[in-house]
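Below you'll find the structure, written out as structure tokens, and then a few comments.
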Amino acid sequence: MTATKEYLAEGELQKPNGRFGTRHYVVFMLFLGMANAYVMRTNMSVAIVAMVNQTAIEHEAEVFDDECPDTDYGEPADPADHKDGEFLWSTSLQGYILSSFFYGYVITQIPFGLLAKKYGAMKFLGWGMLINSVFAFLVPIAARQGGAPWLIVVRFIQGLGEGPIVPCTHAMLAKWIPPNERSRVGSIVYSGAQFGTVISMPLSGLLADHGFDGGWPSIFYVFGIIGTVWSVAFLWTCHEDPITHPSIAEDERKYIQQSLWGKAGVNIPPIPWKSISRSLPFYAILLAHLGQNYGYETLMTELPTYMKQVLRFSIKANGTLSALPYLAMWIFSIGVGWVADWMLTSGRFTHTLTRKLSNSIGQYGPAIALIIASYTGCNRALTVAILTIGVGFNGGIYAGFKINHLDLTPRYAGILMAFTNCSANLAGLLAPIAAGNIIEGKPTIAQWRIVFVIAACVYIFTATFYNIFASGTRQPWDNPDNDEPQKPVSIEAPAYENGHSNLANGGTTATNGTTTTYRANNAAEQRQ
């Protein structure tokens, strides 16, 4: 006897049992990839301290404020413990070296977003990170043989290789993760950035002091090996989407494909540029992303400078304190992601409301922290606490705007993320420029208060714009039901040991004499 069953609502989807599924493995690998990317991004800031001969170069006179008493908290116990490096690089040249990576990273965001849409995201992500990792081995060679110019070239190429990490990760999440799992999955994957930073900073410092080949080169050799192993494992074991995966369980494949409403991997129509350019929900994400990067750069780069110049307390010299904000953000972001998905599965909250609530915590929280920090006076302990709490609350963005691209348009999420992430990274460069101009020659508490209040206002404005215009509903310009008819595409289903075959999303599966017809549903999406 043959029976036919249609899945019309999300609640009727047959979710696989609680086992560790293929999609969970993909999420785990993407988390490690994000962590590896941020290790590669931040390790130079630690290594360059050990690379440069600080005693031999001329130091610019750093201006300190005299409103707060002096302290030796956080400073090295014995200056004799400091080992001078082998390079005579000025402060300005060090700045060029540190920024070279980010120039390569920014300019490849949009091109890789477009290429991933056409050719698939997985290979660009894997090969890009492999290039990043392999060129890490060349950092010591370039620095010693070619000096700063060759080092800048190598770091620039590393940045080019890391360009696909965010847009391609977003594109893969769109193909692998059902809507009601996106909050926690997105938070887990992108919290890899904080995890990588927490691991990188103390381990890089340890390798710089006690590593092989002079100390600092071991930073790039060790992390280069780790990155290469991850890249090879990712390219070998992961696949673009559930349709092409040869060994995914059939019930998990059906669950993912049914949840996503519309084919994720084939026959994607041309990018609807005109509709995207007129989409207020897209601009809501864009502004939120811009405000996030400006505010985050202020929190993470300017507050430590404030504490050194005004409070006479170097948080950067204390590895434990410098890692605390990142650790707080990592833990909090994962917690918010789980709560956000519980809100969605409970049926009491729409995707739109959930995204706005999460994002409000992630951006209003740091804004309040910045304002409070500007009035803490000379209280060092309170300032450290505010820094940690503010950055911790910032983790709410991962269940807010950061994953919102997938709600609006699963099929073009990687492209939207490429545009917003590229723009946001450029905006983030404005934070130190603005702060430098405001406090130049007069780093008083009053001047620093202006820096913090400006950043807080940027947070508040962009978060408010997001709360007014953001949406968690799949947009009409990405409605598969409105696609123009296309020529049939033959997809050869993977073979399974039990002889089953699958045609994803709209196909049929024959199992033990029972034919099940699947129709992509949008009932849950329309409720949002």
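The values are calculated or read from the model by the stated rules, or taken from the named source; none is laboratory data. Computed from a predicted model, the values in this text were never measured in an experiment. Here the Cβ is made from the backbone with ideal geometry for all residues, glycine too, and neighbour counts use every protein chain on show. These area figures cover heavy atoms from the full protein model, side chains too; ligands, DNA and RNA do not enter into them. Shrake-Rupley method; radii C 1.70, N 1.55, O 1.52, S 1.80 Å.
Side notes on the structure shown:
- Among the candidates Gly347, Gly362, residue that is out of contact with any helix residue (DSSP H, G or I) (no Cβ under 7 Å at 6 or more places or on another chain) and either on the phi > 0 side of the Ramachandran plot or crowded, with 22+ Cβ neighbours inside 10 Å (or both): Gly347
- Scanning region 22-34 for residues that are closer than 19 Å to Val222 by Cβ and open to solvent by less than 10 Å² (accessible area, probe 1.4 Å) yields Gly33, Met34.
- Being of a type in the set (Asp, Glu), under 29 Å from Gly396 (Cα atoms), in contact with a helix residue (DSSP H, G or I) (Cβ under 8 Å, 6 or more places away or on another chain) and in a helix (DSSP H, G or I) holds for only one residue in Glu240, Glu252, and it is Glu252.
- Just one of the numbered conditions (1) out of contact with any His (no Cβ under 8 Å at 6 or more places or on another chain); (2) within 27 Å of Tyr283 (Cβ to Cβ); (3) touching a residue at least 12 places away in the same chain (Cβ under 8 Å) is not true of Ile433: (3).
- Residue in region 422-433 that is over 20 Å from Thr352 (Cβ atoms) and touching a Pro at 6+ places or on another chain (Cβ under 7 Å) present: no
- Matching option when the condition is among the aliphatic types (A, V, I, L, M), more than 25 Å from Ser218 (Cβ to Cβ) and part of a helix (DSSP H, G or I), among Val153, Val166, Val134: Val166
- Set Tyr103, Tyr96, Tyr190: member being crowded, with 24+ Cβ neighbours inside 10 Å and among the aromatic types (Phe, Trp, Tyr): Tyr190
- Boolean, Gly436 is open to solvent by less than 10 Å² (accessible area, probe 1.4 Å) and modelled with pLDDT under 80: no
- Asp213 vs. criteria in contact (Cβ under 8 Å) with a residue 40 or more places away in the chain and in contact with a Lys or Arg (Cβ under 8 Å, 6 or more places away or on another chain): no
- Test: Ile141 is among the β-branched types (Val, Ile, Thr), in the same structural domain as Trp89 (by the TED database) and either farther than 13 Å from Gln158 by Cα or not in a helix (DSSP H, G or I) (or both): yes
- Residue list for region 255-279, restricted to those being among the polar types (S, T, N, Q) and either part of a loop (DSSP other than H, G, I, E, B) or at pLDDT 85 or above (or both): Asn267, Ser275, Ser277, Ser279
Rundown of residues vs (1) open to solvent by 30 Å² or more (accessible area, probe 1.4 Å); (2) among the hydroxyl-bearing types (Ser, Thr, Tyr), yes/no style:
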site	(1), (2)
Phe332	yes, no
Gly337	no, no
Ser358	no, yes
Pro366	no, no
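- Every condition in (1) farther than 30 Å from Pro325 by Cβ; (2) open to solvent by less than 10 Å² (accessible area, probe 1.4 Å) is met by Gly159 except one, and the failing one is (1).
The rows are residues; the columns are (1) under 18 Å from the mean Cα position of the chain (by Cα); (2) surrounded by 17 or more Cβ atoms within 10 Å (Cβ to Cβ); (3) within 30 Å of Glu181 (Cβ to Cβ).
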| site | (1), (2), (3) |
| --- | --- |
| Leu408 | no, yes, yes |
| Gly414 | yes, yes, yes |
| Leu430 | no, no, no |
| Ala446 | no, no, no |
| Ile454 | no, yes, no |
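- Verdict on Val198 being of a type outside the set (Gly, Ala, Ser), under 14 Å from Tyr38 (Cα atoms), in contact with a Gly (Cβ under 9 Å, 6 or more places away or on another chain) and surrounded by 17 or more Cβ atoms within 10 Å (Cβ to Cβ): no
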